Amino acid sequence: MKIAICDDEPLCIQHLTDAICNLIPCAAVNKYLNGHELLSDNVCSAYDVIFMDISMPGMDGFETAERLRILNDRQILVFVTTLKDQMQQGFKYDAADYLVKPVTYEQLAKLMNRIQKRMNRSRTPDIEIKTTNNKHIHLSPSDIHFLEYKHGHRIKITTSIQTYEYIGKVD
């Protein structure tokens with residue numbers, strides 16, 4: 001799971017990072033001190049989950065969230081803030097949750113459990129194919145750019161990484 005934490009308070013970032021890494025040891029967590037820093041990272045649209053403070057210097061969390069939604073509207077966004085009165089506005093950006101600081105370990109554990117279940121439900125099962133050179137591969141449908149039917153039931157599958165050929169039919 002790829003996670004970003006965007007908060008101008010280093011202690012809050014460290015608290016969240018420690019808790020997340022304890023709950024999900026394989027999580028890759030990147031940290032940003034403001035919205036500009038997050039958005040200038042070329043991988044900002046590749047995160048599965050983004051924890052976002054609202055009150056930050058320069059670009060606030062809402063403006064950052066609005067720009068993130070343009071890049072990727074499927075990321076799970078969680079606002080983490082002291083601003084209780086702005087909760088309603090946070091859901092305008094399709095936030096999965098709104099946590100009020102200080103966040104307890106128990107709150108985060110429940111949230112991460114819900115997030116993992118949500119991510120597991122939304123994953124599309126892989127397609128298994130046997131290539132013309134007898135290799136079995138698994139492809140996610142979202143990785144396939146296009147299919148090309150060739151003579152004799154040969155099908156060419158093009159992904160961003162490689163092109164595969166197999167003999168068969170597409171169901």
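The values are calculated or read from the model by the stated rules, or taken from the named source; none is laboratory data. The model shown is predicted, which means the values in this text are computed figures rather than measured ones. Because the Cβ atoms are built from the backbone with ideal geometry, glycine has one as well, and the counts that use them run over all protein chains shown.
Observations
- Strands (runs of 3 or more DSSP E) fully within segment 41-142 counting 3 or more residues that are over 20 Å from Thr159 (Cβ atoms): 49-52, 76-81, 97-100
- Within segment 138-159, residues that are without any contact (Cβ under 8 Å) to a residue 24 or more places away in the chain have Cβ atoms under 6 Å from residues that are outside any strand (DSSP E or B) and charged (D, E, K, R) in these pairs: His138/Asp126; Ser140/Asp126; Thr159/Asp143, counting only partners at least 6 apart in sequence or on another chain.
- Candidate set from segment 1-11 (those that are modelled with pLDDT of 95 or more and either more than 28 Å from Asn120 (Cβ to Cβ) or in contact with a Phe, Trp or Tyr (Cβ under 7 Å, 6 or more places away or on another chain) (or both)); member that is surrounded by the most Cβ atoms within 10 Å (Cβ to Cβ): Cys6
- Of the criteria (1) within 18 Å of the chain's Cα centre (by Cα); (2) outside the structural domain of Asn22 (by TED's automatic domain parsing); (3) not aliphatic (A, V, I, L, M), which one Phe146 fails: (1)
- Output for segment 154-168, where each listed residue is modelled with pLDDT of 80 or more and part of a loop (DSSP other than H, G, I, E, B): none
Conditions (1) in contact with a helix residue (DSSP H, G or I) (Cβ under 8 Å, 6 or more places away or on another chain); (2) more than 30 Å from Glu9 (Cα to Cα), marked per residue:
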{"position": "Ile76", "(1), (2)": "yes, no"}
{"position": "Lys84", "(1), (2)": "no, no"}
{"position": "Phe91", "(1), (2)": "no, no"}
{"position": "Val100", "(1), (2)": "yes, no"}
{"position": "Gln116", "(1), (2)": "no, no"}
{"position": "Asp143", "(1), (2)": "no, yes"}
{"position": "His153", "(1), (2)": "no, yes"}
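- Qualifying residues in segment 15-30 (those that are buried (at least 16 other Cβ atoms within 10 Å of the Cβ) and either at pLDDT below 95 or not assigned by TED's automatic domain parsing to the domain that holds Gln107 (or both)) - the one nearest to Asp41 (Cα to Cα): Ala27
- Selection from segment 1-23 of residues that are assigned to a strand (DSSP E or B) and β-branched (Val, Ile, Thr): Ile3, Ile5
- Residue within segment 119-141 that is modelled with pLDDT of 85 or more and of a type in the set (Val, Ile, Thr) present: no
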